[in-house]
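As structure tokens, the structure follows; a few thoughts come after it.
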Amino acid sequence: MISEQIAALHSQLPAGVTLVAVSKYHPVAALLQAYEAGQRVFGESHVQELVAKQALMPADVQWHFIGHLQTNKVKYIAPFVSLIHAVDSLRLLREIDKQAGRCGRRIDCLLELHLAQEETKYGFTPDELTALLDSDEWATLPHVRIRGLMTMATYTDDTEQIRREFRTAHDLYQHARDHVAAASHWDMLSMGMSHDYPVAIEEGATLVRIGTSIFGQRQY
């Protein structure tokens, strides 16, 4: 049952690690079961689905957008989204700042780091990330707050490769926190999903994105 999975995960996760229940493609009834079991942070990756669910779920839910976000869709989630995990360009960051300003908000964001050996994934390379953070423009955007990094490991059975990628992400996260960003705001590292989250936690994740282990296979 969903409630049992939520309870088990909450009991297993170390202090300081937040469970993001990845609820994409699952019905509101399933989300409500997770909510009733104490889950408050949900992750969605499609704007239309997120907007529809937000209208039906309790007001104290924290909505995280975890997928690839197109600039023309930012305006629909800007009024309520708690955290955007996958900012993969300065252009997108500027648009989030613009739409957050129109809503009178400041939106927390994570920069997506591309480490996986898969071209289909988005994000900054380590060199691109360094160049962005070394520039001043990101710090001049008043309606966004960069809180850290997000990454996805290569989808593989090679645990050591996954561990290397997560360790690299953590090293880059620490470098940026210590040398570039305001330490008080740089406190989130989102990595790890149902198949690899234990390794991610061992390598320093502060948020894990878990869907299948909670809700089962996608419903639609």
Just one of the numbered conditions (1) part of a loop (DSSP other than H, G, I, E, B); (2) surrounded by fewer than 17 Cβ atoms within 10 Å (Cβ to Cβ); (3) aliphatic (A, V, I, L, M) is not true of V81; which one? (2)
Filter result for the condition that a residue is aliphatic (A, V, I, L, M) and in contact (Cβ under 8 Å) with a residue 40 or more places away in the chain, over L90, L56, L32, L69: L90
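From E44, E49, grab the single residue that is in contact with a Lys or Arg (Cβ under 7 Å, 6 or more places away or on another chain) and buried (at least 21 other Cβ atoms within 10 Å of the Cβ). It would help to see each step written out before you state the result.
Working: E49 fails: buried (at least 21 other Cβ atoms within 10 Å of the Cβ).
Being in contact with a Lys or Arg (Cβ under 7 Å, 6 or more places away or on another chain) and buried (at least 21 other Cβ atoms within 10 Å of the Cβ) holds for just one of E44, E49, which is E44.
In this structure, is E112 closer than 30 Å to D171 by Cα, charged (D, E, K, R) and under 18 Å from the mean Cα position of the chain (by Cα)?
Details: closer than 30 Å to D171 by Cα: yes; charged (D, E, K, R): yes; under 18 Å from the mean Cα position of the chain (by Cα): yes.
Considered against the rule, which asks whether it is closer than 30 Å to D171 by Cα, charged (D, E, K, R) and under 18 Å from the mean Cα position of the chain (by Cα), E112 comes out as yes.
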Give me a count of the residues in segment 103-127 that are farther than 17 Å from I84 by Cβ, in contact (Cβ under 8 Å) with a residue 24 or more places away in the chain and either open to solvent by less than 30 Å² (accessible area, probe 1.4 Å) or in contact with a strand residue (DSSP E or B) (Cβ under 9 Å, 6 or more places away or on another chain) (or both). 3
From the list L115, L111, pick out the single residue that is modelled with pLDDT of 95 or more and touching a Phe, Trp or Tyr at 6+ places or on another chain (Cβ under 9 Å). L111
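The values are calculated or read from the model by the stated rules, or taken from the named source; none is laboratory data. Note that this is a predicted model, so its numbers are computed, not measured. Neighbour counts run over all protein chains shown; Cβ positions are idealised from the backbone, glycine included. Remember, those area values only see protein heavy atoms, side chains included, never the ligands or the DNA or RNA. Shrake-Rupley method; radii C 1.70, N 1.55, O 1.52, S 1.80 Å.
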